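K.L.:
Can you read through this structure? Questions will come right after.
The values are calculated or read from the model by the stated rules, or taken from the named source; none is laboratory data. Keep in mind it's a predicted model, so treat the numbers as computed, not measured. Glycine also receives a Cβ, built like all others from the backbone with ideal geometry; neighbour counts cover every protein chain displayed.
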């Protein structure tokens, strides 16, 4: 059973992941915050799997900075609505650098157990990123027609 103190502690944990690890690039600190039994949105495992996703993102956008727009917690779940911005100065998903400024939004749900993140689910605007770096033209999709 969750208590208000536990819920508050879970929110602090998730905020630390963004502020102390992701934004600073200090991914070695994730081992303190992510459980060995962690399973990510793409099946990645443990702190190393969590770090691998962030490393890939930071490689493509070395100046990336996440802003937490909302942080909501209940029971063992913490929901983060976030925004990041950065410059596409490195290879990202095999796509060469475009030197373009990019911003992205998304929502991640984390499950916390024994003061460590053990699971996450992610919804992000990947199409928007690909359009901003020029891989997909902004008008590639037809506009919805009024009914």
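K.L.:
Do we have residue 90 as over 29 Å from residue 36 (Cβ atoms), in contact with a helix residue (DSSP H, G or I) (Cβ under 6 Å, 6 or more places away or on another chain) and surrounded by 14 or more Cβ atoms within 10 Å (Cβ to Cβ) here?
P.N.:
yes
K.L.:
Among 68, 54, which is the only one that is farther than 19 Å from residue 38 by Cα and either in contact with a helix residue (DSSP H, G or I) (Cβ under 6 Å, 6 or more places away or on another chain) or at pLDDT 95 or above (or both)?
P.N.:
It is 68.
K.L.:
Among 15, 9, which is the only one that is touching a residue at least 60 places away in the same chain (Cβ under 8 Å), assigned to a helix (DSSP H, G or I) and out of contact with any strand residue (DSSP E or B) (no Cβ under 6 Å at 6 or more places or on another chain)?
P.N.:
Exactly one residue qualifies, and that residue is 9.
K.L.:
On to the next question. Would you mind finding the one in 120, 98 that is in a loop (DSSP other than H, G, I, E, B) and surrounded by 15 or more Cβ atoms within 10 Å (Cβ to Cβ)?
P.N.:
Result of the check over 120, 98: 98.
K.L.:
For a quick check of your reading of the model, give me the residue pairs whose first member lies in region 127-143 and is more than 14 Å from residue 105 (Cα to Cα), whose second is in a helix (DSSP H, G or I), with beta-carbon atoms closer than 8 Å and at least 6 apart or on different chains.
P.N.:
Partner pairs satisfying both residue conditions: 136/127; 136/130; 137/131; 138/131; 140/131.
K.L.:
Would you please name the residue that is nearest to the chain's Cα centre (by Cα), looking only at residues in region 123-147 that are outside any loop (DSSP other than H, G, I, E, B) and surrounded by 15 or more Cβ atoms within 10 Å (Cβ to Cβ)?
P.N.:
124
K.L.:
Hey, among the residues in region 73-87 that are touching a residue at least 24 places away in the same chain (Cβ under 8 Å) and surrounded by fewer than 18 Cβ atoms within 10 Å (Cβ to Cβ), which one's nearest to the chain's Cα centre (by Cα)?
P.N.:
For region 73-87, the residue satisfying everything is 81.
K.L.:
Just checking, how many residues over region 25-72 are free of Cβ contacts under 8 Å to residues at least 24 places away in the same chain and at positive phi?
P.N.:
2
K.L.:
Of all the residues that make up region 22-54, how many are in a helix (DSSP H, G or I) and over 11 Å from the mean Cα position of the chain (by Cα)?
P.N.:
Qualifying residue count, region 22-54: 11.
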